[in-house]
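Peer 1: Provided herewith is a single structure, encoded as structure tokens, for subsequent inquiry.
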Amino acid sequence: MYPNTRSKSNKEESEVMSISEEIKTYLNNLIKPLVTNEYIESLFEKLSAKFEEKLKIQDQKIERLNSIVNLKNNIIEKLELKCDDLQQYQRRSSVRLHGIEYELDANEGKKKVKDIIEECYKKVNVTFNKNDIDRAHRIGREIKDEASGKTFKDIIVKFRSWDAREKFYRARPRGFINGKKKPGSMPFSVSVDLTKRRYNLYKNIKEVIKKYSFVNYAFVDINCSLGIKLNDGSFKFFNSEVEFENIIKNFNQII
């Protein structure tokens, strides 16, 4: 006897129809209200109002946090500049000698630094007094000149008094006069002992001023202050990029 396939098919069809109606009813209940524009508008107004309220609260929090961060950044920047000023003040009695050959003495190996300093004094026609020197030593890395085969290493000299330091520094060999390089070679060169921050700032500004035709040159004075000379003959001093930018901005407004 054959199985009653038709009755089974009717049952399955009945179950399918039941599920379809259920889904249809669910979809109708879900979608039907959305076909009304008033409903959509009302729904979005409520959602928008909630989102705007939340966003406004978050914006206020972000604004307060930004204000706090900016305030703290300003305080940190001022403290960093203050610390740098103190470090620079401690270096006011020191200078660095450049272009000093790291040569060997015939009897004692490396030539003694105090003897080299005394020779530097003679070259700039200043009377040497060993009591003027607090301490001195080689500093930094060795630099080898491939052409001559000579090795150079800087020397840092700390003087016992400002007067002794100033006397030697003012008599130093000049490689530049009014921002222009002098012809010929120098026996050695002398620079003030700048902090790392101040040195990097000076180095950066020397490149930046190349795009400003009204700036003659950048310099470091005997007091370790950074400045620029403008083409109108005036001198402007700065201790940060912001101060330098303000000088440029003010000069642009004048011209």
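Peer 1: Between Lys114 and Arg138, what length comes free when the chain is fully extended (0.36 nm per residue of separation minus the Cα-Cα distance, one decimal in nm)?
Peer 2: Full-extension gain reported as 7.6 nm.
Peer 1: Let me ask another. So who's got an amide H within less than 5 Å of the one on Leu194, skipping anything under 5 residues away but keeping other chains? H placed 1.01 Å off N, in plane.
Peer 2: Counting only residues 5 or more places away or on other chains, the set is empty.
Peer 1: Same structure again: Ratio of alpha-carbon Rg to the 2.2 N^0.38 Å globular estimate for the stretch 129-239, to two decimals, please.
Peer 2: Rg over 2.2 N^0.38 Å, computed on Cα atoms: 1.23.
Peer 1: Additional query: Once you put a point 7 Å from the Cα of Glu146 and another 7 Å from the Cα of Asn250, both along the Cβ direction, what distance in nm separates them?
Peer 2: For the pair Glu146/Asn250, the computed spacing is 4.7 nm.
Peer 1: So, one more: How many nm is it between the label spots at Val126 and Ile62, if each spot is 7 Å from the Cα in line with the beta carbon?
Peer 2: Result for the modelled spin labels: 5.9 nm.
Peer 1: Hey, can you find the accessible area per residue of the stretch 108-168 for me, probe 1.4 Å, expressed in square angstrom?
Peer 2: Values: 4020 Å² over 61 residues.
Using a 1.4 Å probe on heavy atoms only, each residue of the stretch 108-168 averages 66 Å².
Peer 1: Within the stretch 108-143, list the residues whose amide N lies under 14 Å from a label point set 7 Å along Cα→Cβ of Glu207.
Peer 2: none
Peer 1: Also, I was wondering about something else. Could you work out how much longer the chain between Lys78 and Lys196 gets when fully extended? Use 0.36 nm per residue separation minus the Cα distance between them, nm to one decimal.
Peer 2: Gain on extension, Lys78 to Lys196, equals 40.8 nm.
Peer 1: Report, by chain and number, residues whose modeled amide H sits under 5 Å from the one on Asp134, excluding near sequence neighbours (fewer than 5 apart, same chain).
Peer 2: Sorted by chain and number, the residues that satisfy this are Lys158, Phe159, Arg160.
Peer 1: Once neighbouring chains are kept in place and the probe is 1.4 Å, which whole percent of the accessible area of the stretch 108-232 is contributed by carbon and sulfur? The partial results should precede the final answer.
Peer 2: Numbers: 3590 of 7740 Å².
Of all accessible area on the stretch 108-232, carbon and sulfur atoms account for 46 percent.
The values are calculated or read from the model by the stated rules, or taken from the named source; none is laboratory data. Since we're looking at a predicted model, the values are computed, not measured. Don't worry about glycine lacking a Cβ; one is built from the backbone with ideal geometry, like all the others, and counts go over all protein chains shown. Side chains are part of the model used for accessible areas, which takes the heavy atoms of the whole protein and leaves out ligands, DNA and RNA. Shrake-Rupley method; radii C 1.70, N 1.55, O 1.52, S 1.80 Å.
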